[in-house]
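To keep things clear, I will list the structure first and then write my remarks on it.
The values are calculated or read from the model by the stated rules, or taken from the named source; none is laboratory data. This structure is a prediction, so every number in the text was calculated from the model and none was measured. Here the Cβ is made from the backbone with ideal geometry for all residues, glycine too, and neighbour counts use every protein chain on show.
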Amino acid sequence: MAAGRLTVVATPIGNLDDISPRAIEALRGVDVIACEDTRHTGRLLAHVGIRGPKLVSVRDANEARMAHEIVKLLRDGKNVALVSDAGTPAVSDPGYKVVAAATGALVEVTTVPGPSAALAALTISGLPTARFVFEGFMPRKGGERTRRLAALATERRTIILYEAPHRLLVTLADLETACSGERVVAVARELTKLHEEVWRGQLKHAVAAVGEPRGEYVIVLGGALPTEPPDDDEIVDALVAHQAAGEDRKSAVAAVAGELGVPRRRVYALSVSSREHDEQT
Ligand code: SAM
């Protein structure tokens, strides 16, 4: 018997209308839907008129065992969809172990991509998007938290963090202490929902500006500025990275000038001279 297929399906992060036609089709077509909270996913399915598939609960606590169960189902020819309560499964949500078990068993794994709070926040933060890191939730305390904060202090890429509302202010305050109050931050709240808003400013003003946290939040923190002006090699490396990502020279020059805080004409001159050098060698 042919094995079934595992489909990782993203679901809305607040606004139910964000469910895609492909997500509905994928969820309607499977035998089993692995989800976190069966009642929560049941409500989403009812919203889009899906009744057939069996729901099984996969949570952090049972994910390792459920990964084996799901592989058994897939080997028995069942098609399985994996969702989480909101957004993209396996992104600060259960899913990674299920996918790893399925790929390990050489079962086909496919995706129906869609909402994720991390990318939604990043793309409206106004912070550089060319290079970024996703940190998920910060460790809550102890040496692990201190080490992570220290690493963020020198991180040059834009940083995306999730945080629970009751921990938002303490995390913003700790980021200010670790990274300096001058760093730029965007605090995105209740994305896609009625009370969606984004506060943008310097870390030193964030706690007062955000006020009493209500709802769900993503913190998008600007990267650390270079402590010394970049040398020519760093500028050329950054240009190469942007062009390797498919940008034309004009866009790459503009992006690198913004990111490294150097005049555009210097970046342009280096892009011309490095190209001439490449052509001669
Ligand atoms: N897998 C999900 C995703 O792809 O976005 C994330 C799940 S994680 C358990 C939940 C966290 O995501 C929340 O604590 C919050 O930081 C962020 N989040 C989820 N939905 C959000 C929304 N509508 N607005 C802002 N942040 C959100």
Quiz item: So, of the residues in region 109-131 that are under 19 Å from Arg183 (Cα atoms) and hydroxyl-bearing (Ser, Thr, Tyr), which turns out to be farthest from the ligand (Cβ to nearest atom)?
Solution: Thr129
Quiz item: Just a yes or no: is a residue in region 45-61 surrounded by fewer than 15 Cβ atoms within 10 Å (Cβ to Cβ), among the basic types (Lys, Arg), over 30 Å from Ala257 (Cβ atoms) and within 22 Å of the chain's Cα centre (by Cα)?
Solution: yes
Quiz item: Filter region 1-37 for residues that are more than 16 Å from the ligand (Cβ to nearest atom) and among the acidic types (Asp, Glu); which is nearest to Thr110 (Cα to Cα)?
Solution: Glu25
Practice problem: Would you mention how many residues in region 198-228 are near the ligand (Cβ under 10 Å from one of its atoms) and not aliphatic (A, V, I, L, M)? | Solution: 3
Exercise. Please verify whether region 132-143 includes one or more residues that are part of a helix (DSSP H, G or I), within 10 Å of the ligand (Cβ to nearest atom) and not assigned by TED's automatic domain parsing to the domain that holds Ile19.
Key: no
Quiz item: Among the listed residues Gly246, Gly261, Gly223, which satisfies the condition of being at positive phi, within 25 Å of the chain's Cα centre (by Cα) and small (Gly, Ala, Ser)?
Solution: Gly246
Quiz item: Which helices (runs of 4 or more DSSP H) sit wholly inside region 163-281 and have at least 3 residues that are without any contact (Cβ under 8 Å) to a residue 40 or more places away in the chain and among the acidic types (Asp, Glu)?
Solution: 232-244, 264-280
Quiz prompt | Residues that are touching a residue at least 12 places away in the same chain (Cβ under 8 Å), outside any loop (DSSP other than H, G, I, E, B) and farther than 30 Å from Ile160 by Cβ, drawn from region 57-91 | solution = His68, Glu69, Val71, Leu73, Leu74, Arg75
Quiz prompt | Residues located in region 64-108, provided they are surrounded by 18 or more Cβ atoms within 10 Å (Cβ to Cβ), on the phi < 0 side of the Ramachandran plot and either within 16 Å of the ligand (Cβ to nearest atom) or under 21 Å from the mean Cα position of the chain (by Cα) (or both) | solution = Ala81, Leu82, Val83, Ser84, Ala86, Thr88, Pro89, Asp93, Pro94, Lys97, Val98, Val99
